[in-house]
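Take a look at the structure below.
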Amino acid sequence: MKVILNTGRTVWQGQAIESGKDLQMYVDAAAICYMDKSMMEDLGIKAGNNIKVVSEFGDVVVKVVDTVETLPEGMIYVPMGPWANRVIRPTTDCTATPSFKNIPVEIEPTEEPVLDMPTLMKVYKKAQMI
């Protein structure tokens, strides 16, 4: 399914990052994808399932959670962090900040696991060496 990805800070992600990026609390707060129930139904998934998010820049597996607020149709939201960084536009257009908004992605259900921080970092390094 083709959708638009937006990222940003959340209270939970901010709290977890202060506690430690190597804790499960951070994975639970940042390696997630907020999605409306109607989109979940269209994909045949439910909250707690994993999806793969694929952009022209990379891919990542995250856990689906229910939205707290309604998202615009065709949009998903992943908190800023290493998981979102795998799929965002890396160019900065001279702003020193990558583009965290309006990223065209494809999403699909997956049985692949959500990677913890040390494993995700190893994947980053591997991708950079290619």
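The values are calculated or read from the model by the stated rules, or taken from the named source; none is laboratory data. No experiment lies behind these values; they were computed from the predicted model shown. Note that we place each Cβ from the backbone using ideal geometry, even for glycine, and neighbour counts take in every protein chain shown.
Residues in the range 23-54 that are out of contact with any Lys or Arg (no Cβ under 8 Å at 6 or more places or on another chain) and either aromatic (F, W, Y) or farther than 18 Å from L115 by Cα (or both): 13 in all.
Would you pick out the residues in the range 21-35 that are closer than 19 Å to K2 by Cα and either modelled with pLDDT under 95 or of a type in the set (V, I, T) (or both)? Please lay out each step first, then the result.
Let us first name the residues in the range 21-35 that are closer than 19 Å to K2 by Cα, namely 32-35.
The answer is I32, and nothing else.
For the range 32-73, a residue qualifies if it is part of a loop (DSSP other than H, G, I, E, B), closer than 20 Å to T10 by Cα and not aliphatic (A, V, I, L, M), and the qualifying residues are D36, G48, T67, E69, T70, P72. A count restricted to the range 74-91 and to residues that are touching a Pro at 6+ places or on another chain (Cβ under 8 Å) and either assigned to a loop (DSSP other than H, G, I, E, B) or modelled with pLDDT of 95 or more (or both) stands at 3.
Results for (1) modelled with pLDDT under 95; (2) touching a Pro at 6+ places or on another chain (Cβ under 9 Å), shown as yes or no for each residue.
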position: I45; (1), (2): no, yes
position: S55; (1), (2): no, yes
position: D93; (1), (2): yes, no
position: P98; (1), (2): yes, yes
position: I103; (1), (2): yes, no
position: M129; (1), (2): yes, no
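Just to be sure before I move on: is E41 surrounded by fewer than 18 Cβ atoms within 10 Å (Cβ to Cβ) and at pLDDT 95 or above in the structure I sent? Spell out the reasoning first.
Values: surrounded by fewer than 18 Cβ atoms within 10 Å (Cβ to Cβ): yes; at pLDDT 95 or above: yes.
So E41 fits the description; yes.
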